[in-house]
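Comments concern the structure below.
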Amino acid sequence: MNYPPFAANRRIRSAASKSPSMQHGERNSAVAILQGALIDLGYSMPRSTNKAGQPDGIYGDETQAKVRQFQAEKKLLPDGVAGHDTFALLDALMVAKKGPPKPIPGLPVPLNPSPIAADRNYRLGVGDPTIKPDFGSGAFDSEPTEMSMWALKQTILEILPPRGASATVFIGDDAAKNMKHYLDASGIRLRLDLEGMLGSGPTAMARFKNEVQQALLFVERLPLGSHKITSMTAESAYNFKNESKNWYYAVGGYSTWGVGRAMVRNGQAGKEFELLFEYKFFDRYNWDKGKSVTIGGIEITDKFMGEFHRQGLAREYDMIGSLTRTFRWKHGDKIPDAQYAHGGSR
């Protein structure tokens, strides 16, 4: 039985299984429920109801006649006895008539029975999303080395400010370090100071906060327990020159995403959440079109910096970084800015 009044009544459940069926002469609440269902379906029962139209719970002549009428109209055996087939059809018709439950004003709309609704930003699991690096300047060492290009590289290495000296004046410590690594032509992956980049300007911090918010919203939809989560895709951001000249030349455009371990518990006032969150970074070091900087009278441009790579005098490389934060909150809480700004990179 799926119709709640039928399912709730033991006598009707037993009648639906023919042990025994309900018939003429019976008096109880089950009869009243049966009468009510027939009335709801349009079968008038004036002798079996009081002045308010309420059923009397007596399986008399009128009730038997209405059961027989219902059976005949629905192509059932018209014996006037309410058994399995009669209740099965009544149950289906009453469920269809009632329709799905409607939300009660002032109460939250029930969620989908699935414990975790679909999310376009995060999913359960581990691993990083697929990242497609920039095409860059082409194949490394695919062109003959020109001596003039080799000499230009040496000039740049001589004038490139050492870290901590005048590098900040020209392009910045991180930019100078990354350029030096490029000119070393090792191609070895480099880990950068993601914490430093995060504090360099509003755009970098805004991207971080947005990624965290995506993760927090996903965690709030999880059931109780411990869960590992990861981003569906990496999202792009850019370091603008007017915010940080250092990170503009050190990185430029980049991709970030998040992974984490979440714990969902029941608290005194509702669900409580904890997320150990790792914010991750990737970029392929190459020179964007239109980017240039002058150091010691040498204008370093994207055109010949890319040529260095193709001639084997420099080599593009991958940059990675990550930082961690632990967030604890209750549903509807606003994460304080201090939690975003404090933590250690690794």
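The values are calculated or read from the model by the stated rules, or taken from the named source; none is laboratory data. Keep in mind that what you see is a predicted model, and the values were worked out from it rather than measured. Heads up, the Cβs are rebuilt from the backbone with ideal geometry, glycines too, and the neighbour counts pull from every protein chain shown.
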For region 7-32, enumerate the residues that are in a helix (DSSP H, G or I) and either over 25 Å from ASP61 (Cβ atoms) or touching a Phe, Trp or Tyr at 6+ places or on another chain (Cβ under 7 Å) (or both). ALA7, ALA8, ARG10, ILE12, ARG13, ALA15, ALA16, VAL31
Applying the selection to region 12-64, what residues are of a type in the set (S, T, N, Q) and over 22 Å from LEU77 (Cα atoms)? ASN28, SER29, SER48, THR49, ASN50, GLN54
Hey, GLU195 hits all of (1) loosely packed, with under 15 Cβ neighbours inside 10 Å; (2) part of a helix (DSSP H, G or I); (3) touching a residue at least 60 places away in the same chain (Cβ under 8 Å) but one; which does it fall short on? (1)
GLU299, sole failed condition from (1) in a strand (DSSP E or B); (2) modelled with pLDDT of 90 or more: (2)
I'm checking my understanding of the structure. Among residues of region 272-289 that are among the charged types (D, E, K, R) and either more than 16 Å from ARG221 (Cβ to Cβ) or outside the structural domain of LYS209 (by TED's automatic domain parsing) (or both), which one is surrounded by the fewest Cβ atoms within 10 Å (Cβ to Cβ)? LYS289
Quick one: which residue in SER255, SER322, SER244 is of a type in the set (Ser, Thr, Tyr) and farther than 15 Å from LEU192 by Cα? SER244
Can you list residue pairs whose Cβ atoms sit under 6 Å apart, with the first residue in region 198-215 being crowded, with 21+ Cβ neighbours inside 10 Å and the second being assigned to a helix (DSSP H, G or I) and among the small types (Gly, Ala, Ser)? Count only pairs 6 or more apart in sequence or on different chains. LEU198/ALA204
When every residue in region 105-137 that is surrounded by fewer than 10 Cβ atoms within 10 Å (Cβ to Cβ) and of a type in the set (D, E, K, R) is compared, the one modelled with the highest pLDDT is LYS132
Among the residues of region 50-75, write down those that are in a helix (DSSP H, G or I) and among the hydroxyl-bearing types (Ser, Thr, Tyr). THR63
Scanning for something surrounded by 16 or more Cβ atoms within 10 Å (Cβ to Cβ), at pLDDT 85 or above, in a loop (DSSP other than H, G, I, E, B) and not hydrophobic (A, V, I, L, M, F, W, C), does region 147-157 turn up at least one residue? no
Within region 7-27, how many residues are surrounded by 12 or more Cβ atoms within 10 Å (Cβ to Cβ), more than 15 Å from ASP91 (Cβ to Cβ) and either modelled with pLDDT under 90 or not assigned by TED's automatic domain parsing to the domain that holds HIS84 (or both)? 0
Restricted to region 28-55 and to residues being among the polar types (S, T, N, Q) and within 22 Å of HIS84 (Cβ to Cβ), the residue surrounded by the most Cβ atoms within 10 Å (Cβ to Cβ) is GLN35
Please count how many residues of region 32-61 are over 22 Å from SER17 (Cα atoms) and in contact with a Pro (Cβ under 8 Å, 6 or more places away or on another chain). 4
I'd like the full set of residues that are under 18 Å from the mean Cα position of the chain (by Cα) and not hydrophobic (A, V, I, L, M, F, W, C), limited to region 273-306. GLU274, GLU278, TYR279, LYS280
Test ALA269 against the stated conditions and say whether it is touching a residue at least 24 places away in the same chain (Cβ under 8 Å) and buried (at least 16 other Cβ atoms within 10 Å of the Cβ). no
